[in-house]
1. Measuring with a 1.4 Å probe in the full set of protein chains, what accessible area per residue, in whole Å², belongs to region 44-123?
2. Rank these residues by their accessible area, most exposed first, probe 1.4 Å: T63, T91.
3. Go through A98, T78, W112 and say which Cα lies farthest out towards the positive end of the charge dipole of region 55-113; charges sit on Cβ, +1 for Lys and Arg, -1 for Asp and Glu.
4. Report the charge-dipole magnitude of region 64-123 in Debye, nearest 20, computed about the Cα centre from +1 at each Lys and Arg Cβ and -1 at each Asp and Glu Cβ.
5. Per residue of region 69-79, what does 6.51 cos²θ - 1.76 cosθ + 1.60 with θ = phi - 60° give for ³J(HN,Hα)? Whole Hz please, x for Gly and Pro, Karplus curve as stated.
6. Would you rank E44, E6 by solvent-accessible area, highest first, keeping every protein chain in place and using a 1.4 Å probe?
7. With the full set of protein chains in place, find how many percent of the accessible area of region 6-61 is carbon and sulfur; take the probe as 1.4 Å.
8. What FRET efficiency do you get for R19 and S85 if R0 is 22 Å and r is their Cβ-Cβ distance, rounded to the nearest 0.05?
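The values are calculated or read from the model by the stated rules, or taken from the named source; none is laboratory data. Since the model is a prediction, treat every value here as computed from it, not as a measurement. Glycine also receives a Cβ, built like all others from the backbone with ideal geometry; neighbour counts cover every protein chain displayed. SASA here: full protein model, heavy atoms, side chains in, ligands and nucleic acids out. Shrake-Rupley method; radii C 1.70, N 1.55, O 1.52, S 1.80 Å.
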Amino acid sequence: QVQLIEFGGGLAQAGGSLRLSCAATGRPLSSYAVGWFRQGPGKEREVVAAINYRGDNSFLSDTVKGRFTISRDNAKNTVQLQMNSLRPEDTAIYYCAAHLEIRGGLPKEYDWWGQGTQVTVSS
């Protein structure tokens, strides 16, 4: 029902910045919590950030706290991940995912996933 696509990935130098966006089609994102996940080569998928349907509650993992920011614009049906002070260990495929959640929480499980966008950080 919800189709997601990520864009904005690419190559950055250590200490640089990238801004990822997640765009939704099929139905509005206004009733969905959205999370950002990443999977580095040979590593397990991990959660990076999440934001509730209203945008007034969010989560950042300890590894990115202070460097990344998650935000959303429900009018544009998009969610952004601003990544600053990038490190080589941030290199991964980044995915956005959505889950129907109208109560304002941050779900652990997500139903709809994008195809991912590659982020590569050089030393």
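1. On the way: 4390 Å² over 80 residues.
Result: 55 Å² per residue.
2. Details: T63 70, T91 35 Å².
Descending accessible area places them as T63, T91.
3. With unit charges placed on the Cβ atoms, the residue in question is T78.
4. On the way: 7 positive and 6 negative charges, 42 e Å.
Using only the charged Cβ atoms, the result is roughly 200 debye.
5. Those phi angles translate into 9, 10, 8, 9, 9, 5, 5, 9, 6, 9, 10 Hz.
6. Details: E44 155, E6 15 Å².
Descending order: E44, E6.
7. Details: 1330 of 2760 Å².
The nonpolar share, carbon plus sulfur, comes to 48 percent.
8. Working: r = 13 Å, r/R0 = 0.61.
Efficiency at R0 = 22 Å is approximately 0.95.
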